[in-house]
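Chemist: Quick one: the structure is below, and I'll ask about it shortly.
The values are calculated or read from the model by the stated rules, or taken from the named source; none is laboratory data. Since this is a predicted model, take the numbers as computed values, not measurements. Cβ atoms come from the backbone with ideal geometry, glycine included; neighbour counts cover every protein chain shown. For the accessible areas, the whole protein counts, side chains as well, though only heavy atoms, and no ligand, DNA or RNA atoms are used. Shrake-Rupley method; radii C 1.70, N 1.55, O 1.52, S 1.80 Å.
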Amino acid sequence: MNDKKLMEYARLVAGVGINVQKGQMVLINCPVECADFGRCLTTAAYDLGARDVIVNWSDDAVSREHWLRAEDSVFDAVYPWDILRNKTLAEAGMGRISVDASDPENLLGVDAERLQRWDVANGRDNREFYRSMMANGFPWCVVSVPSLKWAKKVFPELDAQQAVDKLWDAIFAAVRVTGDASAVKAWQDHCKHLETLCSKLNSLRLTQLHYTNALGTDVVVGLPEEHLWLGGADTSKAGVRFVANMPTEEIFSAPQRDAVDGVICASKPLALNGNLVEGIRLTLEKGRIVGIHADKGEDVLRRAIETDEGSHYLGEVALVPVNSPIAQSGLLFYNTLFDENAACHFAFGEAYPACVKGGDDLPLETLKARGINAESSTHVDFMVGTDDLSVIGTMQDGREVVILKDGRFAL
């Protein structure tokens, strides 16, 4: 790991990821194993004028003990002080950084019912907070740095230090950090490129997309009349530009809640609630997931989809070409932040309000009337992109247009 690159990465996340403003509160969620990066983020945030930086440390070993051994009732409610902290910081317009570096199978063997009950409780008790987050009420950014077990999962043939170093190289490449202070400019250019793609798709005024590939995906995805394609940077309600995911290679929108029909087959494993789910095959009728299959981890997947009524419907449709930099790396990261930016993907659960015109400022019932899946306690991305994926769009006048051919944009 290169100290110069590490600090450039931290400054990129603080300065572009959440775009720290003078006097702003900053919350950093970070594993203890990644403390060096957490400290760099703290320094970078204060350098940009943060009022205060609060760091929540986590640990895979402690987390596993909690899920295996805590009293059963613990998983049915969020502690009041955690709810109050989230609500208070959200209302203050904090910047929130989450460092995702967990072992993708850290919770293997944990009772899937506990995971589901916690998803329900957390979604219910922190509903106001997550709704604010989904509606860009404050800047937030998810990033990753290596942890030992994660690195060994990606590079099992290497020894521990070699695996960590190799994963560092892959992450730096994915987030455009080279050590020469060019990352900010690179991200500005990249966001403009994604915004150009969004403009092209928005100009088509599509009514539906038809996905097919040899893996078995054959699904028609309806789109709301006033849907918008988004990508690159978002804008918080205070007018601050931020990038929610680093890396990001996707352009995305929200499907019509009740207009998705067909079969979707996942093209990559999904790291879900500390478990790996493989061989996913979902069947949808009138938007609802009516068939659930996975070769591995089906119980974890099924319970995630059964979290609430909204989790039975799709909330995101995202396009990523197979010639994106992360896809071209050829790596399977076992981490959705990276794997979703190597392949087209869907998400079941709540949609981002901004995917319909003016959505960030619309009440829940109006969002529902606009046709998106506006209410769920969860949002889980899973990858479907392949080298032979075809995506055909239908415009309002009935004409068809090729969006992706052989997994690449044809716009």
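Chemist: Quantify how much of the Cα-Cα distance distribution of the range 223-349 extends past 27 Å, in percent.
Modeler: That tail contains 21 percent of the Cα-Cα pairs.
Chemist: Taking only the alpha carbons of the range 177-237, what extent do you get along each of the three principal axes, in Å, biggest first?
Modeler: Largest to smallest, the principal-axis extents are 45, 33, 21 Å.
Chemist: Compute, for the chain, the length of the dipole vector about the Cα centre, with Cβ point charges of +1 (Lys, Arg) and -1 (Asp, Glu) only. Units Debye, rounded to 20.
Modeler: Charge dipole of the chain: 1020 debye, to the nearest 20.
Chemist: Where does each of 82-89, 125-132, 167-174 land if you order them by average Cβ count within 10 Å, highest first?
Modeler: Order by mean packing, descending: 167-174, 125-132, 82-89.
Chemist: Given labels modelled 7 Å from the Cα in the Cβ direction, how far is it in nm from K296 to D72?
Modeler: It works out to 3.0 nm between the two label points.
Chemist: How much net charge surrounds G93 when only the other residues with a Cβ under 12 Å from the Cβ of G93 are counted, with Lys and Arg +1 and Asp and Glu -1?
Modeler: +2
Chemist: Name all residues of the range 183-197 having a backbone nitrogen under 18 Å from the label point set 7 Å from the Cα of M395 along its Cα→Cβ direction, giving them as ranges.
Modeler: Residues 197 fall inside that zone.
Chemist: If you don't mind, there's one more thing I want to ask. Would you list, by chain and number, the lysines whose Cα falls below 21 Å from the Cα of K286, excluding same-chain residues fewer than 8 positions away?
Modeler: K368
Chemist: Would you please report the Å³ per residue occupied by the convex hull of the alpha carbon atoms in the range 31-173?
Modeler: 132 Å³
Chemist: Continuing with the same structure: Hey, could you get me the Stokes-Einstein D for the chain, Kirkwood radius over alpha-carbon pairs, 10 °C and 1.306 mPa s, rounded to whole µm² s⁻¹?
Modeler: 74 µm²/s
Chemist: Please report, for the Cα atoms of the range 273-411, the Rg to one decimal and the Dmax as a whole number; what are they, in angstrom?
Modeler: In order Rg, Dmax, the Cα atoms of the range 273-411 give 16.1, 46 Å.
Chemist: So, taking all protein chains as they sit and a 1.4 Å probe, how much accessible area belongs to C265, in Å² rounded to tens?
Modeler: 10 Å²
Chemist: Sort 312-321, 297-306 by packing, meaning the average of other beta carbons within 10 Å per residue, with the highest value first.
Modeler: Those peptides, ordered most packed to least, come out 312-321, 297-306.
Chemist: On to the next question. How far apart, in nanometres, would the label points at L148 and D59 be if each is projected 7 angstrom from Cα along the Cα-to-Cβ direction?
Modeler: Result for the modelled spin labels: 1.3 nm.
Chemist: Then there is this: What is the extension gain from E157 to T196, computed as 0.36 nm multiplied by their sequence separation minus the C-alpha to C-alpha distance, in nm to one decimal?
Modeler: 10.0 nm
Chemist: Past 28 Å, Cα to Cα: identify those pairs from K4/K268; K192/K357; K149/K237; K4/K192, in the order given.
Modeler: Violating the 28 Å Cα-Cα cut-off are K4/K268; K149/K237.
Chemist: E128 to D189: extension gain in nm, 0.36 nm per residue of separation minus the Cα-Cα distance?
Modeler: 18.6 nm
Chemist: Taking the Cβ-Cβ separation of K166 and N29 as r and a Förster radius of 25 Å, what is the calculated FRET efficiency to the nearest 0.05?
Modeler: 0.50
Chemist: Mean 1/r over all different Cα pairs, inverted: what Kirkwood radius does the range 321-396 give, in Å?
Modeler: 14.5 Å
Chemist: What value, in deg cm²/dmol to 500, does the helix sum -39500 (n - 2.57) over DSSP H runs of n ≥ 4 give at 222 nm once divided by the residues of the chain?
Modeler: -9500 deg cm²/dmol
Chemist: If you don't mind, another one. Please report the orientation-averaged projected area of the range 27-84, defined via the convex hull of its C-alpha atoms, in nm².
Modeler: With the hull built on Cα positions only, its mean projection is 4.9 nm².
Chemist: Given a 1.4 Å probe, how much area per residue of the chain is accessible, in Å²?
Modeler: Per residue, the chain has 41 Å² of solvent-accessible surface.
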